[in-house]
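Data first, discussion second: the structure below is written as C-alpha cells.
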Amino acid sequence: MPTLSLDFAADDSITGFRLQRLEVLNWGTFNRQVWSLGPEGHNALLTGDIGSGKSTLVDAITTLLVPHQRIVYNKAAGAEGKERSLYSYIRGEYKSAKDDLTQSAKAIALRDSNSYTVLLAEFYNQGFNQRICLAQVFWLKEQKRNPERFFVVSETPLSIAADFSNFGSDILELKKRLRHTTRVQLLDNFKAYSSRFRQLFGIQNEQALELFYQTVSMKSVGNLTDFVRLHMLEKGDVESRIDDLRHNFDNLNRAHEAVLKAKEQIGLLAPLVKEGRAYIALSKTIEELRRCREALVAYFAQHKSELLTSQIEKLAIDVERIGQRLERLKEELGQLRQQQEELKTAIDDSGGRRLQTLEQEIATLSKERDQRQRKEEEYHRLGEDLTLPQSRTADGFYDNLKAAQALLGEIEPRIEALKQQEIERSVDLQTLRREQEQLDEELDSLRRRKSNIPRKNLQLRQAMAQSLGLDEARLPFVGELLQVDEASAEWEGAIERLLHNFGLSLLVPEELYPQVSQYVDQTHLRGRLVYFRLRAADARGSSKTLGADSLARKIRIKPETDCYAWLETQLQKRFDYICCADLERFR
C-alpha cells in the first residue's frame, strides 16, 4: 500500500494529520442543529458536568475511525456494558420511563425514525497543506434497530450545513448530490471506507486504530507492561520458532548422516571403477567390429552392382533381338487381317447379308415379346388389386375394361376431393411457414437485442434514423432507459404490464422534433408510433413527495442518459401508484 511522504510542518507540535473540526447533527442529545467542536489541530481539553455530552463527542470521533461492532459506547464515562448503542445515539434516547401498561422501562427519545444523523470530522496536514474530511450518515428504515448508513471520504472541505442538508426527504437525493461533488468518494461498507482513509492518512496497519480505540477513552492502566505488550507490539510466535529450530536441526542431522553414508558407498564402489574402465575399452572394440560388419553391406552391394550391370548389358541385346522379331510378327498379322477381310467380302457375296438381317429381326421381336409379357403381368396384377376376374380372351378383357371404367367414375369425385384437400393443406402449410419465419425472425431479434422492444418498433426507428441521417441512440425508447429495481423484483411483472405502452414510446430531443415530426407526417409507417417531445419545462421535478411504496420508487433510470430528468418527472406525475402487497391495504 502506498504511503504519504514525510511531513515538513514548521511546528513539530502539529505535525501530520490533526483534527481541525468536528461536527455532529442529531447525535445523542445534540439535537436539531449542527453542533461543532474546533480544536484547530491543537490539543484540546473537554470538560463539563456529568451528562453534558463529553463521552457523546468522544464516541462520535471513535465511530468515525473504528468499526461500530467493536465499540463499547460511553466507555469514556466508565461504562462496561452496553449502556448506549448506535441506535440509541441516532434516536437521541436520554432517559427511561415506566410504561403504565407493561410496567417496564421504556426509553424516551428526542427523535423519531424520520430523522437522519450526520458525523463529520475534518483533518489537516499543515506540512503538505492537505485536508481530509470523513463523514458518516445514518438513518432508520422500517422500524429496524440496525440503522442504514453510508460513508464519505473527501479530499476537499465539507460541512453539514452546506453539503448534508436541504436535499428533501429522500436520502438518495443526498447521495446523488454528493456523487457529483468533486473529489468526494461514497462507500457502502466500513472495510472499504477504513482502507481508503488509512491510505490517505498513511496508516499501514489496522493495529494503530485498535490502539487508538484502547487509549482514546482510557481512564487508567493497571499494568503498563501488559498494555504495551497487548496493544503496541506484534505478537511473537515462540513455539513456531522452536519448532522451526527443531526441524532445521533434524534436517542438518539427516544431511550429516547422508554424507557419511555417501563416503562409505564411494569406498565400496571403488573396485567398480577399474572394471568400468575395462568395460569401456571392450565396448569400444565391439563398436569398431560392429562398424566393420555394417561396412560389409556396402562392400557386397558394390560387387552386386557390377554383376547386375553385366546382366543388364546382356538383356539389352536380347531386347533388341526380340524387338526385331516383334516387327516381323506385326507384318504377318497385317497380312492375315487383310485375308480375313477378303473372306468376309466373299461370304457376303454368297448370302451372308441375309443372315445379318435375320439376326436383327430376331433381336427386335425378342424385345417386343418381353415388353408384351411385362404389360400382361402388370395387367394381371392390377386386376387382382381391383378384384377383377382373370381372363385371357378378348371378351373378358373388354368386360374388365368396362368394370374398370365404372370404378374410375366412382373414384374420380374422391380424387377431386383429395386434390382440393391437398391444395387447402398446401395453402395452410405456406401460411404456417410464413408465421414460423416471422416467429424465427422475432426470436433471433430478441436474442441479439438487449431490450424487450418488439422488432417492428425497432425497424420503424431504424428506418427513421437512416432516412434522417441520425444515430439511433439519439432516439431511445422509454423501455431501453428503465429497469425495475432488483430489490423490488416481485413487482416486475405488474410494473412491466402497467408501463408497456409508455415503454414503447420514442423520446425525441427538442432540436430533432421538427425533423421527426415531418418524417412521420410524410411517411406511411405501416404501424403505430408514439413519441414524446422533450421540452425543458416538462423536465422540472414534481413538488409532491413520493411515498415509500410508490411505483415510481421501484424503477431505476439509466444514469448516463440525457433524458434522466424528464423520465423522473413523468414517472412521478403519471405513475405515482401505491404498490399494495395485500387486498386489505388495497381496500
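Brief remarks follow.
- Packing, as the average of other Cβ atoms within 10 Å across residues, places the peptides 526-532, 569-575 in the order 569-575, 526-532, highest first.
- Ordering PHE201, PHE477 by accessible surface, largest first, gives PHE201, PHE477; the 1.4 Å probe counts only protein heavy atoms, with every chain in place.
- Rh (Kirkwood; distinct C-alpha pairs) - segment 367-507, Å: 22.5 Å
- With the simple spin-label model, which puts each label point 7 Å out from Cα in the Cβ direction, the LEU110 to GLN214 separation comes to 3.4 nm.
- Heavy-atom accessible area order for TRP491, TRP27, largest first, 1.4 Å probe: TRP491, TRP27
- Distance histogram for segment 273-324 (every C-alpha pair counted, 10 angstrom bins, percent rounded to whole numbers): 21, 21, 19, 15, 11, 8, 5, 1
- The modelled label-to-label distance between LYS144 and GLN518, using points 7 Å beyond Cα along the C-beta direction, is 5.6 nm.
- Probing with 1.4 Å while keeping every protein chain in the model, the per residue accessible area of segment 85-163 equals 50 Å².
- Once the Cβ-Cβ distance of THR569 and LEU470 is raised to the sixth power relative to R0 = 22 Å, the FRET efficiency obtained is 0.35.
- Carbon + sulfur, % of accessible area of segment 291-361 - ligands and nucleic acids excluded, 1.4 Å: 57 percent
- Across segment 485-560, Cα-Cα distances exceeding 21 Å account for 48% of all pairs.
- Rg of the Cα atoms in segment 267-410, relative to 2.2 N^0.38 Å, amounts to 3.10.
- Gain in span if fully extended, ASP243 to ARG372, counting 0.36 nm per residue against the direct Cα distance: 35.4 nm
- Rounded to the nearest Hz, the phi-derived 3J(HN,Hα) couplings of segment 166-172 under the Karplus curve 6.51 cos²θ - 1.76 cosθ + 1.60 (θ = phi - 60°) are 6, 10, x, 9, 10, 4, 4, where x marks glycine and proline.
- Using a simple spin-label model with pseudo-atoms 7 Å out from Cα toward Cβ, GLU331 and ALA278 lie 8.4 nm apart.
- Percent of C-alpha pairs per 20 Å bin, the chain, short to long: 11, 21, 17, 14, 16, 14, 7, 1
- For segment 296-347, the fraction of alpha-carbon pairs lying more than 13 Å apart is 71 percent, rounded to a whole number.
- For the chain, adding -39500 (n - 2.57) for each run of n ≥ 4 DSSP H residues and dividing by the number of residues yields -18000 deg cm²/dmol at 222 nm.
- Amide hydrogen neighbours beyond the local backbone of GLY28, cut-off 5 Å, H modeled: ILE90, GLY92
- Additional length obtainable on full extension of the chain from ILE286 to PHE300, 0.36 nm per residue less Cα span: 2.9 nm
- Convex hull volume per residue, computed on the Cα atoms of segment 445-527, equals 113 Å³.
- With Cα atoms defining each centre, segment 514-587 and segment 268-309 are spaced 98 Å apart in the structure.
- Cβ-Cβ FRET estimate between GLN199 and TYR577, R0 fixed at 41 Å, reported to 0.05: 0.35
The values are calculated or read from the model by the stated rules, or taken from the named source; none is laboratory data. If you're wondering where the values come from, they're calculated on a predicted model, not measured in any experiment. So basically every Cβ, Gly included, is an ideal-geometry build from the backbone, and we count neighbours across all protein chains shown. These area figures cover heavy atoms from the full protein model, side chains too; ligands, DNA and RNA do not enter into them. Shrake-Rupley method; radii C 1.70, N 1.55, O 1.52, S 1.80 Å.
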